[in-house]
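A.B. asks: Provided herewith is a single structure, encoded as structure tokens, for subsequent inquiry.
Rule-based calculations on the coordinates, nothing more; no lab input. Every value quoted in this text rests on a predicted model; they were computed, and no experiment measured them. Cβ: placed from backbone, ideal geometry, glycine included. Neighbour counts: every protein chain shown.
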Amino acid sequence: MIPILIYVAIFIAAFFAVKLVTAGTQRHDFTSLKTVTFGDESAVVSDRKASIISIVAIFVLWGAFTGSALLPGFLHAPGPFVGEGTFTYTVETSDGERDDATVTVVVHPADAPADAPEVAPGDGFAKDDSVAIAAYRSQLARLDKNDEIGRGEGARIVAVNGESIEPGGVVQTDFARVAMSQRGTLNIEPDKGWQMEPIWLPAPENVGSRLAEIITDGFRNYTLWEHLGFSLFRVIAGFVLGSLVGIPLGYAMGLSNWFRGWFDPIVEFMRPVPPLALIPLVIIWAGIGEGGKIILLFLAALWIMAIAARSGVSGVNISKVHAAYSLGASKWQLMRHVIIPNSLPEIFTGARVAMGVCWGTVVAAELVAAEKGAGMMIMVASRFQNTDIVIMGIILIGVIGFGIDILMRWAERVLVPWKGRS
């Protein structure tokens with residue numbers, strides 16, 4: 001929650017800061033006054049300054065909450081407590097006698113183990129003790145083991161740092177949270193701070209070094225480019241097959257009452273079914289080879305492309321159809337010069353959505369018996385808690401998917417220049 005609040009604060013601050021800096025350079029013509037598209041994409045365009053600040057903010061937050069060496073220390077979020085701390089616990093015997101003992105706690109980094117220091121036991125029946133705990137971890141401490149009178153003789157801990165405690169209770173010290181179990185044992189949990197443990201979220205430089213390592217040495221006997229190439233091939237093959245079937249199907253549903261009535265229940269039934277739910281059925285029908293993976297991606301793209309083509313046909317302005325017929329156009333000419341050109345914007349939008357869904361599905365498609373692929377890398381790495389490889393794979397899939405989307409936007413601008421025009 002804290003990173004999200006900080007991100008929102010950065011967004012608001014950056015918005016007003018950029019507005020203030022660029023106040024004298026903004027245009028004030030008719031185009032700048034448009035606030036909604038109404039089919040005209042020139043009304044709202046991406047602000048490059050906002051995009052750059054957004055990306056930088058994400059990486060700064062990532063580095064700040066992982067203690068990245070790429071950022072200066074003053075930008076780091078508070079990290080876990082590392083060092084030495086002490087607290088005092090009070091023991092009460094069955095006859096009401098009390099004594100205090102001091103516990104020295106050494107909190108060490110997880111990758112630099114340390115032994116508990118030797119401490120003098122002190123006077124009284126409650127003896128001073130020491131504990132070594134790794135950062136981000138907790139430890140159940142049997143402090144009565146070296147006491148002269150322990151739990152077996154009826155003694156029990158009744159206070160920590162002078163604050164009374166009972167089973168299920170908690171006392172917050174200046175460096176740790178001390179809780180008592182139902183059996184009267186103290187559980188010591190050093191403060192974790194705001195930074196994420198590396199096993200859950202590694203620092204950006206760790207992900208970068210892992211990327212360089214896999215580029216050089218490969219992953220599970222294949223190079224990184226082979227993994228990405230196979231995933232890209234599967235996605236494109238499934239998308240192309242889904243488009244080849246889905247677009248004609250969508251045209252038929254948009255032009256024929258019979259086709260619409262026949263296929264509409266099937267398409268609308270399958271559209272909300274997530275591709276992940278189809279994995280068992282695809283394995284039963286097509287096996288665990290390449291065919292099954294491509295079929296799953298084909299099904300992921302099919303219904304989206306069919307609905308996009310159907311919506312494109314249904315959205316053609318009827319006045320254009322009447323104008324074409326009044327000029328003597330045949331049905332083929334109407335299809336060629338009116339229906340197809342005016343439906344292409346919807347089809348391109350559907351294609352971008354379908355490609356994104358296919359990229360999201362390839363991880364699941366490569367879950368079963370895959371030897372190569374970005375999704376396979378992610379799934380194998382997750383089993384061994386190699387979070388740096390998981391994040392690296394996610395970033396690569398996102399970058400490639402974003403690159404494909406940019407290419408599709410460029411193709412749309414080139415092939416459909418009339419989009420948004422009457």
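A.B. asks: Apply the Karplus curve 6.51 cos²θ - 1.76 cosθ + 1.60, θ = phi - 60°, to the phi angles in the stretch 348-360 and return the couplings in whole Hz, x for Gly and Pro.
C.D. replies: 5, 4, x, 5, 5, 5, 5, 5, x, 5, 4, 5, x
A.B. asks: Then there is this: What does a probe at residue 55 reach in the stretch 402-416, counting residues whose amide N is under 16 Å from the point 7 Å along Cα→Cβ?
C.D. replies: Those under the cut-off are 402-407.
A.B. asks: For the stretch 166-223, what is one quarter of the convex hull surface built on the Cα atoms, given in nm²?
C.D. replies: Its average projected convex-hull area is 6.8 nm².
A.B. asks: Just the projected area, averaged over all directions, of the convex hull on the alpha carbon atoms of the chain: how many nm²?
C.D. replies: 31.7
A.B. asks: I'd like to know how the stretch 271-422 sits against the 2.2 N^0.38 Å rule of thumb: what's its Cα Rg over that expected value?
C.D. replies: 1.35
A.B. asks: With the alpha-carbon atoms as the only input, what is the per residue convex hull volume for the stretch 89-183 in Å³?
C.D. replies: Enclosed volume per residue, from the Cα hull, is 99 Å³.
A.B. asks: When Lys and Arg each count +1 and Asp and Glu each count -1, what net charge do the other residues less than 10 Å away from residue 167, Cβ to Cβ, add up to?
C.D. replies: +1
A.B. asks: Quick one: net charge of residue 337's neighbours, Cβ under 14 Å, K/R +1, D/E -1?
C.D. replies: +3
A.B. asks: Run the helix sum for the chain: -39,500 (n - 2.57) per DSSP H stretch of 4+ residues, divided by residue count, reported at 222 nm to the nearest 500 deg cm²/dmol.
C.D. replies: So the calculated ellipticity at 222 nm is -16500 deg cm²/dmol.
A.B. asks: Over all pairs of distinct alpha carbons, what does the Kirkwood formula give as the hydrodynamic radius of the stretch 194-351, in Å?
C.D. replies: About 19.0 Å for the stretch 194-351.
A.B. asks: Evaluate Rg over Rh across the stretch 42-154, taking Cα atoms for both radii and Kirkwood's formula for Rh.
C.D. replies: 1.33
A.B. asks: Once the other residues with Cβ under 11 Å from the Cβ of residue 92 are scored (Lys, Arg +1; Asp, Glu -1), what is the net sum?
C.D. replies: -2
A.B. asks: If a paramagnetic tag sat 7 Å from the Cα of residue 201 along the Cα-Cβ line, which residues of the stretch 52-77 would have the backbone N under 18 Å from that point?
C.D. replies: Only 54-77 fall inside the zone, counting backbone N under 18 Å.
A.B. asks: Turning to a different aspect of this structure: Calculate how large, on average over all directions, the projected area of the Cα convex hull of the stretch 105-238 is; give the answer in nm² to one decimal.
C.D. replies: Projected area, direction-averaged: 13.8 nm².
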